[in-house]
Amino acid sequence: MMPSCANDAARLAMAPRVWAALLLALASACAHAGFDHELPLDQNGIWARSYQTGLEYGVVAVEVAGSLWFGNDNELGHTFWQIVDSSAISGIGVTVLKYAFSRARPEQGDNPAMLRHECAASEVPDTRPGLQEPIAN
């Protein structure tokens, strides 16, 4: 009994999908090999902490200066005041939520499942992610 032409066409159309699925499964099985490793601390170039803090202080200075310069009666000034409000709210929110839900920092151990309160050295959480939130929105 010979297969019909419709079955042949369906098998030929399915073949690339099967090969793609097999290739994806093979790639995902090998993808995690060697990628999840600790990198050394890099404090040079763009990653230098002084550049990060300089950018942070610059953003806050532009927000405050723009809001005071233009005032709340101007459309741009009103936008600056909204940015100042959202920066303050997100900074407070990030700090509270990081204390409530954060895990240990990398320098506090190799166990990613260890919670912050289980660490011997308790430190203030990093609030830098809260700085970018008002700008992104």
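Based on what the data block shows, is S86 more than 23 Å from L39 (Cβ to Cβ), at pLDDT 85 or above, under 16 Å from the mean Cα position of the chain (by Cα) and not in a strand (DSSP E or B)?
Details: more than 23 Å from L39 (Cβ to Cβ): yes; at pLDDT 85 or above: yes; under 16 Å from the mean Cα position of the chain (by Cα): no; not in a strand (DSSP E or B): yes.
Judged against the criteria, S86 is not a match.
Screening G45 on (1) modelled with pLDDT of 90 or more; (2) touching a Phe, Trp or Tyr at 6+ places or on another chain (Cβ under 9 Å) shows it passes everything except condition (1).
Given the options A27, A13, A100, A9, name the one that is surrounded by 10 or more Cβ atoms within 10 Å (Cβ to Cβ) and either at pLDDT below 90 or touching a Pro at 6+ places or on another chain (Cβ under 7 Å) (or both).
Numbers: A27 fails: surrounded by 10 or more Cβ atoms within 10 Å (Cβ to Cβ); A13 fails: surrounded by 10 or more Cβ atoms within 10 Å (Cβ to Cβ); A100 fails: surrounded by 10 or more Cβ atoms within 10 Å (Cβ to Cβ).
Testing whether each residue is surrounded by 10 or more Cβ atoms within 10 Å (Cβ to Cβ) and either at pLDDT below 90 or touching a Pro at 6+ places or on another chain (Cβ under 7 Å) (or both) leaves just A9.
The values are calculated or read from the model by the stated rules, or taken from the named source; none is laboratory data. On a predicted model such as this, the values are computed, not experimentally measured, just so you know. In this analysis, Cβ positions are derived from the backbone assuming ideal geometry, glycine residues included, and neighbour counts consider all displayed protein chains.
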